[in-house]
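K.L.:
Right, I'll just put the structure down here and ask away after.
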Amino acid sequence: MTNPYYAKTDIGPPNFWNMLPQVIKDNYGNWLYHEKVKPGVLKHVGETGDELFTVRVGSPRLLSIETLRWFADIADKYCDGHLRFTSRHNVEFLLADGTKVDALVDELEAAGWPVGGTGKSLKNLIHTQGWIHCHSAATDASGTVKAVMDDLYDYFKKDDLPAKLKISMACCLNMCGAVHCSDIAFVGVHRKIPTIDDNGVANGCEIPNVVASCPTGAIRPNPKAKSVTINEEKCMYCGNCYSVCPSLSIMDPENDGIAIFVGGKVSNTRKGPEFSKLVIPFIPNEPPRWDSLVAAIRNLVEIWVKNAKKGERYGEWIERIGWEKFFEVANLPFTDKHIDDFTFSVPTFRTTTQFKFTDKK
Amino acid sequence: MTEKKRPLLDELKKGKWPSFVTEMEKSAETKPVVNSLLNLLERSFEEKRVHWKHGGIVGVRGYGGGVIGRYCDLPEEYPEIAEFHTIRVNQPSGWFYDSKAIRTLCDVWEKHGSGLTNMHGATGDAILLGTTTPHLQDCFNDLSDAGFDLGGSGSNLRTPSACCGPARCEYACFDTLDLCHNITNSYQDELHRPMWPYKFKIKISGCPNDCTSSIARADLSIIGTWRDSIRVNQEAVAEYVDNGLPIKSAVLDYCPTKCISFDKEKKEMNIDNENCTRCMHCISVMPKALRVGKEKGATLLLGGKATIVQSAFLSWVIKPFIKLDKEDNYAELKEIMEKIWEWWDENAKVRERVGELIYRKGMGEFLKATDLEPVPQMVHHPRTNPYFFWYPEDFAAEKEAKDANKEVAGSEVSE
């Protein structure tokens, strides 16, 4: 049944050079500047005076080959067959002939592919697999992202936000992708300790690895059962033990949900990269449209749009006004969950008498 | 097959943002297996839980990575997707494609899998989502015949990725695409055959804007920078100002080191480049007027990772400036990378990322093992505690210095 032919290995990826349009080959490394044409459309100008237009469309990342073939057709029709993807799941059509841009944009939009996501806009939401294809997801990825992007659609299409806005999603604490350094990050979380299937652990798991996988030292060997025990007081529900041992299930449909972090960034612009910080410890899973999550994120976006100065990323705005003020402005409760009690907590405590009084506390 | 109703997923076909459910239904028209996947997903939406199990060990001949085994936990009810493995296909540098390459991928995946893809996964690979074990080798054969190779998975070098770099960006301080292609091809063995303590990710950004988010999510971040001065086109500066750019509030006030001044009368911008930390803000606001310097290279940072296990780390500086030279095949960078890998491979525990190993062992040991020189650019500030190690070689060096001094002193006396 299996083909006896074995392919050549270690050939590496196709050479990018063969994928580049002529205008890029001609101006490679010699671009002079770029400017915005309109939201979703960029113009790069080379030292030679050559122009390159980029039309960016948002995608849900999960794409059928039918759609990919259609993108290829569009690239043939307008771009001599050239396109690229971005690190945030956008598709970019690359063309030298600026007169074709409007027709290209119209055709993409007419087929339901939104052009946008450049400059001071909401960027496409990066996310993980979720319930479609992952074993450890505490919430769905594509579903939550679709609900949030439907609600914030206009912010993707326009570019008049205070600064760029990057929202990211991870469906468990493994955080595939850079969600922990985003303007707004929402993350699937578990809230109960794993259940232990002693037989499964005994037969299928390497106990020293399981013990070592726990960041809080909550797991101890249970020699009698050839299994492990979990100290309920120490477990912080990260699920790492489940990653190394399938018999420690952490799935809990009733109590799993989503936490929201804000104020992170990855670029070195102005201030260096920053982690996002916890603002909402828990929102329940509400498929199919996650109404509470969508409302919470809309509130977080709107208070930033209303209060930030021009040019201020989410975290820069909060740093200016102070976190104590942020919780007041956002009208969010501040709880014990917001104060770090993990490995590097102490440097996050306020060691000065300088703070603002707010009417909450 | 009877069509099942999927009222929950139908809700996600509504709204303006492109719908993944619609994408899946497009595939389902020719691939019945996707109908099963949709039905299982509807069930997940009803029950608020996943129905996938951990990956099993499946793969293609000669490789230990590139395929993620995936099994449904309800194989009797959903036999079509009892096995639904993922294939990671190494993307071309910068995610540039032509329509022929896209169609080739589609044709192979139509023949061997579900027709569903992710363009792309977080690490950078093109993801082919869902096939069965008997198809894996044939799919790889066809991919390889068409010029594609698999990406990394498991405890190996993960598929490196790069920003669009010199192909479409005036900020690029080196050839990100060439470097990514070169590294990927130079370390094919490390990429395809898991032999390390854990994963190792490399991300390459051409300038400090770091469009691959490398500091947040790569073990090794290679980020373009320059050592000399920002190039200023004063005519273009004046043009920005004449066109209404509020240069003080939009540019000067945001400069982190306040090293820019603006002469209102001459409409000239002056940058004290010695105090510039190359944050990119001014250049990003005024790309027509300001350009990165000419003496270009990269900063290397190491150790970035997400939360599990100890905490999330951002990569930190291990080499403030390195020339990335195509002509010598990036020899200096590769020497550093190989020393890092050797030390990590020898010292790390199972599933310990290089940043966690440095946290456990200390930067001192790391720097010695890799022959990297300690410099103040590596830290926000020096240590604040009086606990530090002294080594025999420190005392030997002291003694040597003392003896040399004595000799000098002695010779002075004898004169």
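K.L.:
Looking at B:Asp253, B:Asp228 in this structure, which one is within 10 Å of another protein chain (Cβ to nearest Cβ) and farther than 21 Å from B:Arg351 by Cβ?
P.N.:
Answer to the check: B:Asp253.
K.L.:
Take the residues of the stretch B:349-390 that are within 12 Å of B:Gly303 (Cβ to Cβ) and among the β-branched types (Val, Ile, Thr): which is nearest to the chain's Cα centre (by Cα)?
P.N.:
Per the stated criteria, the residue is B:Val354.
K.L.:
Looking at the stretch B:109-142, which of its residues are more than 7 Å from every other protein chain (Cβ to nearest Cβ) and farther than 26 Å from A:Ile126 by Cβ?
P.N.:
If the condition is that a residue be more than 7 Å from every other protein chain (Cβ to nearest Cβ) and farther than 26 Å from A:Ile126 by Cβ, then B:Lys111, B:His112, B:Thr132, B:Thr133, B:His135, B:Leu136, B:Cys139, B:Asp142 are the ones that fit.
K.L.:
I'm told B:Val251 meets every condition in (1) buried (at least 22 other Cβ atoms within 10 Å of the Cβ); (2) at pLDDT below 95 except one. Can you identify the failing condition by its number?
P.N.:
(2)
K.L.:
Among residues belonging to the stretch A:314-343 that are touching a Pro at 6+ places or on another chain (Cβ under 8 Å) and either outside any helix (DSSP H, G or I) or within 14 Å of chain B (Cβ to nearest Cβ) (or both), point out the one that is modelled with the lowest pLDDT.
P.N.:
Top of the filtered list is A:Thr343.
K.L.:
Same structure, new question: Would you mind telling me which numbered condition in (1) under 23 Å from B:Leu9 (Cα atoms); (2) at pLDDT 95 or above; (3) in a loop (DSSP other than H, G, I, E, B); (4) under 17 Å from the mean Cα position of the chain (by Cα) A:Val148 fails?
P.N.:
All conditions pass for A:Val148, except number (3).
K.L.:
Scan the stretch A:271-279 and tell me whether some residue there is of a type in the set (Ser, Thr, Tyr) and touching an Asp or Glu at 6+ places or on another chain (Cβ under 6 Å).
P.N.:
No, every residue in the stretch A:271-279 fails to be of a type in the set (Ser, Thr, Tyr) and touching an Asp or Glu at 6+ places or on another chain (Cβ under 6 Å).
K.L.:
Here is a further query. Among the residues of the stretch A:254-275, how many are open to solvent by 30 Å² or more (accessible area, probe 1.4 Å), without any contact (Cβ under 8 Å) to a residue 60 or more places away in the chain and in contact with a helix residue (DSSP H, G or I) (Cβ under 7 Å, 6 or more places away or on another chain)?
P.N.:
Matching residues across the stretch A:254-275 total 2.
K.L.:
Report the residue count in the stretch B:82-108 for those that are farther than 20 Å from B:Cys163 by Cα, within 8 Å of chain A (Cβ to nearest Cβ) and β-branched (Val, Ile, Thr).
P.N.:
Here the count works out to 1.
K.L.:
A further question follows. Which count do you get for residues in the stretch B:188-198 that are surrounded by fewer than 22 Cβ atoms within 10 Å (Cβ to Cβ) and within 11 Å of chain A (Cβ to nearest Cβ)?
P.N.:
Final tally of qualifying residues: 4.
K.L.:
Here's another thing I want to ask about it. Output the number of the condition that B:Glu239 fails; it satisfies all remaining conditions of (1) out of contact with any Asp or Glu (no Cβ under 9 Å at 6 or more places or on another chain); (2) assigned to a loop (DSSP other than H, G, I, E, B); (3) not hydroxyl-bearing (Ser, Thr, Tyr).
P.N.:
Every condition holds for B:Glu239 apart from (2).
K.L.:
OK, next. Among the residues of the stretch B:57-64, is there at least one that is more than 7 Å from every other protein chain (Cβ to nearest Cβ), of a type in the set (A, V, I, L, M, F, W, C) and in contact (Cβ under 8 Å) with a residue 60 or more places away in the chain?
P.N.:
Yes, some residue in the stretch B:57-64 is more than 7 Å from every other protein chain (Cβ to nearest Cβ), of a type in the set (A, V, I, L, M, F, W, C) and in contact (Cβ under 8 Å) with a residue 60 or more places away in the chain.
K.L.:
Suppose we filter the stretch B:69-123 for residues that are of a type in the set (Ser, Thr, Tyr), free of Cβ contacts under 8 Å to residues at least 40 places away in the same chain and in contact with a Lys or Arg (Cβ under 6 Å, 6 or more places away or on another chain); how many remain?
P.N.:
Summing the residues that are of a type in the set (Ser, Thr, Tyr), free of Cβ contacts under 8 Å to residues at least 40 places away in the same chain and in contact with a Lys or Arg (Cβ under 6 Å, 6 or more places away or on another chain) in the stretch B:69-123 gives 1.
K.L.:
For the stretch A:115-138, which positions are over 14 Å from the mean Cα position of the chain (by Cα) and more than 7 Å from chain B (Cβ to nearest Cβ)?
P.N.:
Those that are over 14 Å from the mean Cα position of the chain (by Cα) and more than 7 Å from chain B (Cβ to nearest Cβ): A:Val115, A:Gly116, A:Gly117, A:Thr118, A:Gly119, A:Lys120, A:Ser121, A:Ser136, A:Ala138.
K.L.:
Then there is this: Counting residues that are modelled with pLDDT of 95 or more and within 31 Å of the chain's Cα centre (by Cα), which helices (runs of 4 or more DSSP H) fully inside the stretch B:1-100 reach at least 1?
P.N.:
In the stretch B:1-100, the matching helices (runs of 4 or more DSSP H) lie at B:20-28, B:32-47.
K.L.:
So B:Ile223 ticks every box in (1) assigned to a strand (DSSP E or B); (2) open to solvent by 40 Å² or more (accessible area, probe 1.4 Å); (3) at the interface with chain A (Cβ under 8 Å from one of its Cβ atoms) but one. Which box is left unticked?
P.N.:
Condition not satisfied by B:Ile223: (2).
K.L.:
Pick from B:Ile308, B:Ile283: which is under 30 Å from B:Lys199 (Cβ atoms), within 25 Å of the chain's Cα centre (by Cα) and not hydroxyl-bearing (Ser, Thr, Tyr)?
P.N.:
B:Ile308
K.L.:
Turning to a different aspect of this structure: Yes or no: the stretch B:235-248 includes at least one residue that is facing chain A (nearest Cβ under 10 Å), over 27 Å from B:Ser93 (Cβ atoms), open to solvent by 50 Å² or more (accessible area, probe 1.4 Å) and touching a Leu at 6+ places or on another chain (Cβ under 8 Å).
P.N.:
no
K.L.:
Read through the list (1) open to solvent by 20 Å² or more (accessible area, probe 1.4 Å); (2) modelled with pLDDT of 95 or more, then give the number of the only condition that B:Ala122 fails.
P.N.:
Status for B:Ala122: all satisfied but (2).
K.L.:
If you scan the stretch A:345-359, which residues turn out to be assigned to a loop (DSSP other than H, G, I, E, B) and surrounded by fewer than 12 Cβ atoms within 10 Å (Cβ to Cβ)?
P.N.:
If the condition is that a residue be assigned to a loop (DSSP other than H, G, I, E, B) and surrounded by fewer than 12 Cβ atoms within 10 Å (Cβ to Cβ), then A:Ser345, A:Phe349, A:Arg350, A:Thr351, A:Thr352, A:Thr353, A:Gln354, A:Phe355, A:Lys356, A:Phe357, A:Asp359 are the ones that fit.
K.L.:
Being among the hydroxyl-bearing types (Ser, Thr, Tyr) and surrounded by 17 or more Cβ atoms within 10 Å (Cβ to Cβ) is the filter; apply it to the stretch A:276-325 and report the residue that is farthest from the chain's Cα centre (by Cα).
P.N.:
A:Tyr314
K.L.:
For the stretch A:23-45, check the following and say yes or no: at least one residue is in contact with a Ser or Thr (Cβ under 7 Å, 6 or more places away or on another chain), in a helix (DSSP H, G or I) and free of Cβ contacts under 8 Å to residues at least 24 places away in the same chain.
P.N.:
No, the stretch A:23-45 contains no residue that is in contact with a Ser or Thr (Cβ under 7 Å, 6 or more places away or on another chain), in a helix (DSSP H, G or I) and free of Cβ contacts under 8 Å to residues at least 24 places away in the same chain.
K.L.:
A further question on this structure: Looking at (1) of a type in the set (S, T, N, Q); (2) touching a residue at least 24 places away in the same chain (Cβ under 8 Å); (3) within 11 Å of chain B (Cβ to nearest Cβ), which is the only condition A:Ser227 fails?
P.N.:
Answer for A:Ser227: the failing condition is (3).
The rows are residues; the columns are (1) among the charged types (D, E, K, R); (2) out of contact with any helix residue (DSSP H, G or I) (no Cβ under 7 Å at 6 or more places or on another chain).
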| site | (1), (2) |
| --- | --- |
| B:Leu8 | no, no |
| B:Val34 | no, no |
| B:Arg49 | yes, yes |
| B:Trp52 | no, yes |
| B:Tyr71 | no, yes |
| B:Pro75 | no, yes |
| B:Tyr78 | no, no |
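K.L.:
Take the residues in the stretch B:156-182 that are of a type outside the set (Lys, Arg) and within 22 Å of B:Phe313 (Cβ to Cβ); name whichever of them is surrounded by the fewest Cβ atoms within 10 Å (Cβ to Cβ).
P.N.:
Filtering first and then ranking leaves B:Asn156.
The values are calculated or read from the model by the stated rules, or taken from the named source; none is laboratory data. Predicted model only: the values in this text are computed from it and were never measured. Using ideal geometry, Cβ is built from the backbone for each residue, glycine included, and neighbour counts are taken over all protein chains shown. What goes into the accessible areas is simple: the full protein's heavy atoms, side chains included, and nothing from ligands, DNA or RNA. Shrake-Rupley method; radii C 1.70, N 1.55, O 1.52, S 1.80 Å.
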